[in-house]
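Undergrad: Just dropping this structure here.
Computed from the coordinates by the stated procedures, all read-outs in this text should not be read as laboratory data. These numbers come from a predicted model, not from an experiment. As a convention, Cβ positions derive from the backbone with ideal geometry for all residues, glycine included, and neighbour counts pool all protein chains shown.
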Amino acid sequence: MRRTLVAGNWKMNGSRASVAELVDGLLAGAGTVASAEVAICPPHVFLAEVGARLDGGPVALGAQDLSEHVSGAYTGEIAGPMLAEYGCRYVIVGHSERRAYHGEDDALVARKLATAQAAGMIPIACVGETLEEREAGDTETVIGRQVDALLDGPGVVALASAVIAYEPVWAIGTGRTATPDQAQSVHAFIRGRIAARDAAIADGLRLLYGGSVKGANASELFAMQDIDGGLIGGASLDADEFLTICHAG
Ligand code: 13P
């Protein structure tokens with residue numbers, strides 16, 4: 001049985017004061033979330049402080065990105081072992097904003113997945129098509145290519161300790177959520193693609209949906225057979241809204 005995961009991606013938002021308030025708000029309600037595992041991914045600079053507040057409680061810590069390198073002359077980058085040392089259980093790799101604004105390609109995302117695992121963290125690898133690709137009927141071609149990069153690089157066994165998030169680019173921050181059927185269809189496609197290499201790993205893999213998830217639509221999405229939780233952007237910046245989503249898990 002796959003345990004639902006609800007992960008908040010705060011993106012580049014917050015101040016020391018607002019982050020402290022948000023974490024305290026989450027902790028005030030997280031104890032009653034029974035069905036889902038909950039994680040938050042603050043900007044790197046807040047990890048130490050947020051980690052100290054979470055302090056091994058019901059909310060896990062994650063990061064939004066890591067370097068493909070373990071150490072060295074890579075100015076401005078953050079290494080996996082550093083994130084692990086600060087208590088990160090999860091790290092997002094291949095978010096569409098990294099792919100679009102930082103030129104991250106499928107091969108780099110696959111290497112980052114392996115680097116995260118080598119540091120003892122669970123990568124949340126993001127895949128998703130643009131609106132143009134969907135309208136051209138290329139959704140499965142694009143998602144297939146992105147998933148194959150993980151299967152051909154780190155390999156199917158690596159996916160036994162990873163999470164995949166389907167985040168259609170057209171649904172991110174737009175208020176335009178994929179319908180449960182649209183999301184389920186892509187999730188089933190991803191699981192099937194992985195099952196062709198290893199059925200047991202595909203069956204155990206948690207597949208999250210991301211893109212304008214809110215308290216009002218989380219239940220119907222999470223009820224779908226192959227949707228095992230969510231990767232939440234904007235709504236994770238509001239403690240009450242995020243907790244409503246967590247309770248839907
Ligand atoms: P929104 O929930 O703001 O659409 O963002 C989704 C996302 O990109 C999470 O990684």
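Undergrad: In terms of modelled amide H atoms, which long-range or inter-chain residues lie less than 5 Å from the amide H of Ala125?
TA: Residues meeting the amide H criterion: Val93, Val163, Ile164, Ala165.
Undergrad: May I pose another question? Quick one: go through region 197-222 and flag any residue whose amide nitrogen is under 18 Å from the point 7 Å out along the Cα-to-Cβ line of Arg176.
TA: Answer for this model: 210-214.
Undergrad: So what is log10(I(q)/I(0)) for region 114-249 at q = 0.15 1/Å, when the Debye sum runs over its Cα atoms only?
TA: -0.71
Undergrad: Using square roots of five times the C-alpha gyration tensor eigenvalues, list the equivalent-ellipsoid semi-axes of the chain in whole Å, biggest first.
TA: Those come to 25, 22, 17 Å.
Undergrad: On the Cα set of region 155-234, report Rg and Dmax in Å, please.
TA: 12.5, 37
Undergrad: Given N residues in region 26-156, what is Rg(Cα) / (2.2 N^0.38 Å)?
TA: On the way: Rg = 16.2 Å, N = 131, 2.2 N^0.38 = 14.0 Å.
Dividing the Cα radius of gyration by 2.2 N^0.38 Å gives 1.15.
Undergrad: Normalised by the residues of region 21-120, what does the relative contact order come to in percent, with Cα pairs under 8 Å and at least six apart?
TA: Computed over region 21-120, the figure is 25 percent.
Undergrad: Within region 51-159, list the GluC sites (Glu not before Pro) lying in a DSSP loop whose Cβ has at most 16 other Cβ atoms in a 10 Å radius.
TA: Numbers: sites: Glu68, Glu77, Glu85, Glu97, Glu104, Glu129, Glu132, Glu133, Glu135, Glu140; in loops: Glu68, Glu77, Glu104, Glu129.
In loop regions of region 51-159 (DSSP not H, G, I, E or B), the sparsely surrounded GluC sites (Glu not before Pro) are Glu77.
Undergrad: With θ set to phi - 60°, apply the Karplus curve 6.51 cos²θ - 1.76 cosθ + 1.60 along region 86-96 and write out the HN-Hα couplings as whole Hz, x wherever there is a Gly or Pro.
TA: 8, x, 6, 8, 10, 8, 6, 10, x, 4, 4
Undergrad: OK, next. Do the sum for the chain: with -39,500 (n - 2.57) for every DSSP H run of n ≥ 4, divided by all residues, what is the mean residue ellipticity at 222 nm, to the nearest 500 deg cm²/dmol? Show your work: numbers first, answer last.
TA: Details: 11 runs with 104 residues, N = 249.
Estimated from H runs of four or more residues: -12000 deg cm²/dmol.
Undergrad: Please get the size of the charge dipole for the chain, origin at its Cα centre, with Cβ charges of +1 on Lys and Arg and -1 on Asp and Glu, quoted in debye to the nearest 20.
TA: 380
Undergrad: List the residues, sorted by chain then number, that are 5 or more residues from Asp65 or on another chain and whose placed amide H is less than 5 Å from its amide H.
TA: Distant-sequence amide H within range of Asp65: Ile92.
Undergrad: May I ask you to derive the relative contact order of region 69-153, considering only C-alpha pairs under 8 Å and at least 6 residues apart, and to give it as an integer percent?
TA: On the way: 83 pairs, mean separation 26.2, N = 85.
Relative contact order of region 69-153: 31 percent.
Undergrad: Looking only at Leu231, Leu27, Leu159, which one moves most when the chain is put into a Gaussian network model with springs between Cα atoms under 10 Å?
TA: Comparing Leu231, Leu27, Leu159 in the GNM, the peak value goes to Leu27.
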